[in-house]
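Nothing in this text is a laboratory measurement; each read-out follows from the coordinates by a stated rule. Since we're looking at a predicted model, the values are computed, not measured. No Cβ is skipped: glycine too gets one built from the backbone with ideal geometry, and neighbour counts run over all protein chains shown.
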Amino acid sequence: MSSHQSPALQFSNVHYTIDDIAILHNVSGCFPKGKITALVGPSGAGKTTLLKLCNGLLSPTSGSICVNSQPIDQFEPPQLRRHIGMVLQNSPMLKGSVYDNLALPFRLKGEQLTKEEAVNLLEQTGLQRSFLEADALNLSGGQRQKVSIARTLGNQSSVLLLDEITSSLDRTSVQEIETLILRLNKDNGTSVIWITHNLEQAMRVSDYLWVMMNGQVVETGDPSLLDSPANEQVAKFVKGEQS
Amino acid sequence: MSYLTLALTLVFVLIPLLLSKSLGLGLEKDTVIATVRSIIQLLAVGYVLNFVFDSESFLFIFLMVALMIAAATQNARKKGTGIRGVTWKLTLTFVSIELLTQSILIGFNIVPATAQYIISLSGMVVGNSMVLAILFLNRFSAEVESNRDIGELILSLGGTPKQAIHQQLITSIKASMIPTIESQKTIGLVQLPGMMSGQIIAGADPIQAVQFQLLVLFLLLSTAALTSVLLGFLVYPTLFNERMQQIPWK
Ligand SMILES: Nc1ncnc2c1ncn2[C@@H]1O[C@H](COP(=O)(O)OP(=O)(O)OP(=O)(O)O)[C@@H](O)[C@H]1O
Ligand SMILES: [Mg+2]
């Protein structure tokens, strides 16, 4: 993939306000196509909000967002959200079995998911087929995260928005998930925006980096910028994360 | 019953008043207000009904029913704060149900088209519809609030607002209908319905009173189902905007 392609997503002067409180302030920048972009920053910086703007779960108060150089509001929301899939931060589970959850994206478009296809989705995330009939509401935090990832993969999105998807996982599982995402990126050219609190993970997996603080983008560029941040705020944040 | 005997029934108000006073329940004021209001409201309705029945004018019947619907809307809309256009949605629900049930009742000649029947049955239909509307709105707002994350999940996977709200809607419709269905299961075993008792006391043949009571029960079952379903489908679209995003209930 050439680096001169149009970006997967482009933000221009995006503001997002709720009840007169500015959550995002003047956000501009792009998410390169076919690349993995890590999105880091302290709690409450506005990372989740930014991700929800990317697939139209929220709309900007002002400013514009383009998907493949087209304004985002020219897409029908369901098509947009299948094209730009999201794994939500809190991994909500539908009442029912793990299978019911994996079948959800298919059911929503009137399709069926065979048991074998469900097992395939599940095993990609490192969960065994025996989990298929398990009650989704009784899963552990880490198991929920894996089911939540597998469920989003059912839509075969070209862009994936990942919100803290490894926060409850053990080291081995983290590695499995990282390998899975890197493989999707390499084999299918899936563009990825990946929120993580783990700066080492950000450096490990990403080709590009956004740093957010207080609703603003303070730095974008090569992930290695975290090694010696020019911005004072970023330097402080990196130091805080290391100690 | 003479007004003297009616006055004697106030003994039944004195008992709770004395109990409230001696046990310090603090319900004296409310009891008195409730008593006075019920006397004034029911007597007023009685005189109005007398007048309407005597006149046999459809204009008055129409006005009475319109008044009932306006009062029911006024009462139920307090539970629907935060829903866009809740007043007209409630009005539309009550009017549709009233029109539908009366057309069936009169169209099939189940009851004669006289003021007595139209007004009494309308009162029951609209009154029950109002209670159902309140039950439904209460439950639906709670379901929507506690399932916001599921709604968001379904939207994020490419679902439509209808798909995102479906389960909450079904749960709320079911929950609001259950009291009506359950109370019909035990009716006659635990207590005689008030209307039937009234008819029997007034001298009607018990079998006829039962037949009429059955008509009312079936009518109210229909009312219950129609109210929650109609209101549900009118209300849910206001919980989303044109970009298929969830908007807060309040
Ligand atoms: N619906 C809302 N109403 C009011 N404030 C909100 C709402 N949603 C988000 N916020 C506020 O916006 C800010 C950014 O929230 P956001 O969830 O985007 O942060 P985040 O960077 O994802 O944080 P974390 O790392 O903890 O997940 C927070 O201060 C939050 O309280
Ligand atoms: Mg977040």
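Each residue in the stretch A:63-86 was checked for being within 9 Å of chain B (Cβ to nearest Cβ), in a strand (DSSP E or B) and aliphatic (A, V, I, L, M), and 1 of them qualify.
Being within 14 Å of the chain's Cα centre (by Cα), away from ligand 2 (no atom under 16 Å from the Cβ), more than 14 Å from every other protein chain (Cβ to nearest Cβ) and hydroxyl-bearing (Ser, Thr, Tyr) narrows it down to one residue among A:THR125, A:THR114, A:THR166, A:THR190; which is it?
On the way: A:THR125 fails: within 14 Å of the chain's Cα centre (by Cα); A:THR114 fails: within 14 Å of the chain's Cα centre (by Cα); A:THR166 fails: away from ligand 2 (no atom under 16 Å from the Cβ).
Only one candidate passes the filter, namely A:THR190.
Looking for something of a type outside the set (Ser, Thr, Tyr) and within 15 Å of ligand 2 (Cβ to nearest atom) - is there at least one such residue anywhere in the stretch A:59-76?
Let us first name the residues in the stretch A:59-76 that are of a type outside the set (Ser, Thr, Tyr), namely A:60, A:63, A:65-68, A:70-76.
With the extra rule that they be within 15 Å of ligand 2 (Cβ to nearest atom), the set shrinks to none.
For the stretch A:59-76, residues of a type outside the set (Ser, Thr, Tyr) and within 15 Å of ligand 2 (Cβ to nearest atom): absent.
Restricting the first member to the stretch B:128-157 and to residues that are more than 7 Å from every other protein chain (Cβ to nearest Cβ) and without any contact (Cβ under 8 Å) to a residue 60 or more places away in the chain, and the second to residues that are charged (D, E, K, R) and surrounded by fewer than 22 Cβ atoms within 10 Å (Cβ to Cβ), the beta-carbon pairs closer than 8 Å and six or more apart or on different chains are B:ILE134/B:LYS79; B:ASN138/B:LYS79. Residue-level check: of (1) touching a residue at least 60 places away in the same chain (Cβ under 8 Å); (2) among the aliphatic types (A, V, I, L, M); (3) more than 17 Å from A:ASN13 (Cβ to Cβ), A:LEU57 misses just (1). Need pairs with beta-carbon distance below 6 Å; first residue in contact (Cβ under 8 Å) with a residue 40 or more places away in the chain and within the stretch B:69-92, second crowded, with 22+ Cβ neighbours inside 10 Å and not hydrophobic (A, V, I, L, M, F, W, C); sequence gap 6+ or separate chains. Within 6 Å, the pairs are B:VAL86/B:GLY80; B:LEU90/B:THR73.
Could you say which residue among B:SER20, B:SER2 is free of Cβ contacts under 8 Å to residues at least 60 places away in the same chain, in contact with a helix residue (DSSP H, G or I) (Cβ under 7 Å, 6 or more places away or on another chain) and among the small types (Gly, Ala, Ser)?
Details: B:SER2 fails: in contact with a helix residue (DSSP H, G or I) (Cβ under 7 Å, 6 or more places away or on another chain).
Just a single option satisfies the conditions, and that option is B:SER20.
Looking only at the stretch A:35-57, filter to residues that are touching a helix residue (DSSP H, G or I) at 6+ places or on another chain (Cβ under 7 Å) and near ligand 1 (Cβ under 9 Å from one of its atoms); which one of those is nearest to the other protein chains (Cβ to nearest Cβ)? Per the stated criteria, the residue is A:LEU39.
Determine, yes or no, whether A:PHE31 is aromatic (Phe, Trp, Tyr), more than 14 Å from chain B (Cβ to nearest Cβ) and out of contact with any His (no Cβ under 6 Å at 6 or more places or on another chain).
On the way: aromatic (Phe, Trp, Tyr): yes; more than 14 Å from chain B (Cβ to nearest Cβ): yes; out of contact with any His (no Cβ under 6 Å at 6 or more places or on another chain): yes.
Yes.
Checking A:VAL40, A:VAL14, A:VAL27, A:VAL98 one by one, the residue that is more than 16 Å from the chain's Cα centre (by Cα), buried (at least 23 other Cβ atoms within 10 Å of the Cβ) and either within 16 Å of ligand 2 (Cβ to nearest atom) or over 23 Å from B:ALA164 (Cβ atoms) (or both) is A:VAL27 and no other. For A:ILE65, the criteria (1) closer than 30 Å to A:LEU169 by Cα; (2) within 16 Å of ligand 1 (Cβ to nearest atom); (3) in contact with a helix residue (DSSP H, G or I) (Cβ under 7 Å, 6 or more places away or on another chain) hold in every case but one, which is (1).
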